[in-house]
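Take a look at the structure set out below.
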Amino acid sequence: MAGAGVCLTLLAAALVCAATVQGSEYRPRLVGAPITISDGDNDEGLQQALRFAMEEYNKASNDMYSSRVVRIISAKKQIVAGVKYIMEVEIARTTCEKPAADLQDCAFPDSPQLAKHTVCKFVVYTVPWLNKTELLERECK
């Protein structure tokens, strides 16, 4: 009979612990769900995806000047059958005419009106082991 009391006590304690974990702020991540990249400047995969997105943006643009990233507003990555990078960035026109060899060396115009700041959402899909990169979405406002 004493064994049954111990079992009930342990069961009650387990239920209290489970309820505490269930109600806490901690939520397990869903497999395949997008993960926020908190330090985008130091994430090499994100930087490669961003360079690719900007190359594609500049190729498609009718502007005679190249644009480059001013700042990363938000970035996420999602592990699928490769990696999908979802980025919202502020970009601006530079003083370099197309095609620019290295965008990071291109300065922004002194006049803010000439810089033409734009916010873009890029979705880049990459499969590194197949050497495949694709721009899935480009939306600029």
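The values are calculated or read from the model by the stated rules, or taken from the named source; none is laboratory data. Computed from a predicted structure; not experimentally measured. Don't worry about glycine lacking a Cβ; one is built from the backbone with ideal geometry, like all the others, and counts go over all protein chains shown. Protein only, heavy atoms only, side chains kept; ligands, DNA and RNA dropped before computing areas. Shrake-Rupley method; radii C 1.70, N 1.55, O 1.52, S 1.80 Å.
Note on segment 31-102: dipole from Cβ charges, positive end direction compared against Ala75, Tyr65, Gly40; the farthest Cα belongs to Ala75. Measuring with a 1.4 angstrom probe and ignoring ligands and nucleic acids, Arg68 comes out at about 40 Å² accessible.
Give me the net charge of Thr118's neighbourhood, meaning all other residues with Cβ under 13 Å from the Cβ of Thr118; Lys, Arg count +1, Asp, Glu -1.
Overall, the nearby charge balance is +3.
Label sites at Glu137 and Gln78, each approximated as a point 7 angstrom past Cα along Cα to Cβ, lie 0.7 nm apart. Sorted largest first by accessible area at a 1.4 angstrom probe radius, with every protein chain in place, the residues Ser111, Ser66 fall in the order Ser111, Ser66.
Straight-distance candidates among the lysines for linking to Lys59, with alpha-carbon spacing under 19 Å and chain neighbours fewer than 8 residues away dropped: Lys98, Lys116, Lys121, Lys132, Lys141. To the nearest 10, the accessible area of Asp39 is 80 Å² with a 1.4 Å probe.
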